[in-house]
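The values are calculated or read from the model by the stated rules, or taken from the named source; none is laboratory data. Quantities reported herein were computed from a predicted structural model and do not represent experimental measurements. Glycine gets a Cβ as well: all are built from the backbone with ideal geometry, and neighbour counts include every protein chain shown.
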Amino acid sequence: MILALVLVPASAHAQLSGSNLLEGQAGNYPSSYVERGPSNRLDLYDQANLFYAFGSGVAGLRYEINRNSEDAFPYEGITQRFLDWSDGRYRVRVGNFYGILGRGLVQRAFELNSVVLDMRYPRSRFGPSRDIDGVLSEASFGPVSATLMSGAPNGGESSLAGEEVGFARHSGHLTGAQIAGSVTRHARAGAAYVRMKAGQGQMELGSGFVEIDPLGVLGITSVSLPLYAEYAQADRSFAEWWRFDAFDRVPHALYASSNLLWGPFTLSAEWKDYSQFRLGVNDPPSLVREHSQVLLNRSTHVLEANREEGFQLESSYTPSEWASVTTNWSRADGAFGDRFEERFVELRSAPRGAERWEATAFYDRGWDELIAIADRRTAGIASTVRAWQVWSGTLDVQRQIARRSTLTQTQRFEDLYLSGTIARANFGSASVVWTRTTDPLDLSRVDPGNTPLHLVGGVLDARLTANHGATLFFGRRRGGLACTAGTCYEVQAFEGVELRLVSRF
Amino acid sequence: MLLTVILAAGFVSDSAPAAVSISRATAPRFTAKDVTGRTVDLDTLLARGPVLLDFWATWCKPCVEAMPDLQRLHATYGERGLTVIGISVDGPRNHAKVRPFATRLRISYPIVIDHDERLRHLYQVVAMPTVVLIEPGGRISSVRLGYRPGEGSSLELDVAMLIAKSGIPDSSASPFDGEIIDSPLDRDRR
């Protein structure tokens, strides 16, 4: 790769650019007292991305380094490198790449941008990425487009340090292809095929999808009704695939979605039916709302693709610029009759495009029998007020009460979240975050029981220059589930100081 | 190792600066489809005037806070050559919600979904939102990481200066004028 960079011909348009993410921590995981180690463990993680653009090509690499004061499982090295060439019709990429077939039922390679995760063993920090190390080729001929990919997939759960103890980041082999064609700009159809080998087993996946806006095809522009449907099966012949079996015994994934956009009213409807479709390096869409509210974001339902069917309906009505109302109803039924269900409503007001102020209030009720949550109610209100053009203040208050029922006991617990932020445009912001929980299973808890646990943290955020930003966190941060870009992961509780520097150059 | 690569790349690119500041770098060209199926071609748009790319997501609060400012720029400077493109980096979990979401926020500029993360990587997006302002000549004029309320004003200054410098006459027809627009705001404008 390095050689490739050096041998790339110089051109008038050649340019080198990049980005860097540096994160340093002094502190520890409060919950994991068994693995706790020193109380002020120092950890430094850096991820540098370099891009060299020349003519129609781009060469790039990612370099990751992680060091800690215990000198346990440090690592450094190139974790990604690629050479990408494209013109208007063709694209070839050799090395690490990302890509998606259909809506990602059978394959989606992606990364969680700017997320740094803790790997518990060997304890190390890394940027999660489900890239593929191989070759990607794309071509388009008028309305027809084709994609070919082949390489070793990355499960996304291991750092470079993991390879020292036998966790290979890229393992097995995946070959995929997709062909799609557009009849008009409002109608598109395609098919995808994936052959995957992980460990001893091999799997074949076939998928077909269609995307159409029937009203658009008819020339109606005042109302839009885009529809999407995709059906995938595993280890079936073409003749079997064509029968669209959706019985539990047939490994399949069926996903359909629709939008209705009619003036101030919008509706999005999605439906799923997944059976034996846990692929290891890929998950189909979960169809559960990804909330931006902190307490709801961490209470999300985790998809069980081995058996799950359900739907999600989300509507909004925006009668004027003063107000909008959004409702969401999601449901997922699992293999053992376990049900996740959530009903959400949010009111938002942002007069004159939030020139002076904006406010939102929400209420959510749900339950998730897969994790024994029998009832969960969450409400909150947030408001941002602007003053003197550059100053703003935001207050965010949320409360959640929940009941966890198992065969032997019932636990009731409460979560409170309060955050206040003062920000100055083009300069930075200062926030205080206070969380109180009585959840006996909370990851941040050191001692057992349900005594109230208080977690207080501060965040200072500054724009250092046009291309450099810094964020300083100090205090206690709550552990648990978090979701970013549709993917959920576990965040370790943290107590200490953390500095993050983000740069582009 | 890193140093070697930087030095090597700088050595071979003798006709260009070794490390071009991102704010003067050439914007990577791309062609994509927006959520209504229209073709968004950067070269075509740059021929008309400056282009503002906003990398955002439905789950990102600061992104949502920034969008009314971008809509204002689209409404104010759209006819003077500015094209605002929203690039959603949402994953498949949220693809079906992107278009209704933009409609709810009364957004009428084109929205592209970055299905395969190609655009995000091309523009090295490391924070959300990231707003990239591109000069008509194809150079990146400025990159803004994150958003705090009130930052729309300084962005507007950048846009106004760029448009004044470009000398683009008023009423330059947008390639998206008269196309499918879902926002009630745009219907009001028309």
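Worth a mention:
- Failed condition for A:Arg404, given (1) among the basic types (Lys, Arg); (2) free of Cβ contacts under 8 Å to residues at least 60 places away in the same chain; (3) in contact with a Gly (Cβ under 8 Å, 6 or more places away or on another chain): (3)
- Selection from the range A:244-285 of residues that are modelled with pLDDT of 85 or more, within 26 Å of B:Lys61 (Cβ to Cβ) and buried (at least 20 other Cβ atoms within 10 Å of the Cβ): A:Ser257, A:Asn259, A:Leu261, A:Thr266, A:Ser268, A:Glu270, A:Pro285
- Restricting the range A:348-366 to residues that are within 12 Å of another protein chain (Cβ to nearest Cβ) and at pLDDT 90 or above, the residue that is surrounded by the fewest Cβ atoms within 10 Å (Cβ to Cβ) is A:Trp357.
- Considering the range B:138-164, and only residues there that are free of Cβ contacts under 8 Å to residues at least 40 places away in the same chain and not hydroxyl-bearing (Ser, Thr, Tyr), the residue that is farthest from the other protein chains (Cβ to nearest Cβ) turns out to be B:Ala164.
- Candidate set: the range A:440-457, residues that are touching a Leu at 6+ places or on another chain (Cβ under 8 Å) and not basic (Lys, Arg); chosen: the one surrounded by the fewest Cβ atoms within 10 Å (Cβ to Cβ): A:Asp442
- Among the residues making up the range A:68-107, a single one is free of Cβ contacts under 8 Å to residues at least 60 places away in the same chain, crowded, with 19+ Cβ neighbours inside 10 Å and basic (Lys, Arg): A:Arg93.
- Scanning the range A:110-126 for any residue that is within 11 Å of another protein chain (Cβ to nearest Cβ), in a strand (DSSP E or B) and within 21 Å of the chain's Cα centre (by Cα) turns up at least one such residue.
- Among the residues of the range A:466-505, those identified as facing another protein chain (nearest Cβ under 10 Å) and without any contact (Cβ under 8 Å) to a residue 40 or more places away in the chain are A:Ala466, A:Asn467, A:His468, A:Gly469, A:Thr471.
- Helices (runs of 4 or more DSSP H) (entirely within the range B:71-190) containing at least 3 residues that are at pLDDT 90 or above and closer than 30 Å to A:Val58 by Cα: B:118-122, B:151-166
- Failed condition for A:Thr300, given (1) surrounded by fewer than 18 Cβ atoms within 10 Å (Cβ to Cβ); (2) within 19 Å of A:Asp375 (Cα to Cα): (1)
- Yes/no for A:Ala374 being within 14 Å of chain B (Cβ to nearest Cβ), in a strand (DSSP E or B), among the aliphatic types (A, V, I, L, M) and more than 30 Å from A:Trp391 (Cα to Cα): no
- Evaluated against (1) more than 23 Å from the chain's Cα centre (by Cα); (2) away from chain B (no Cβ under 12 Å), A:Gly334 falls short on exactly one condition, (1).
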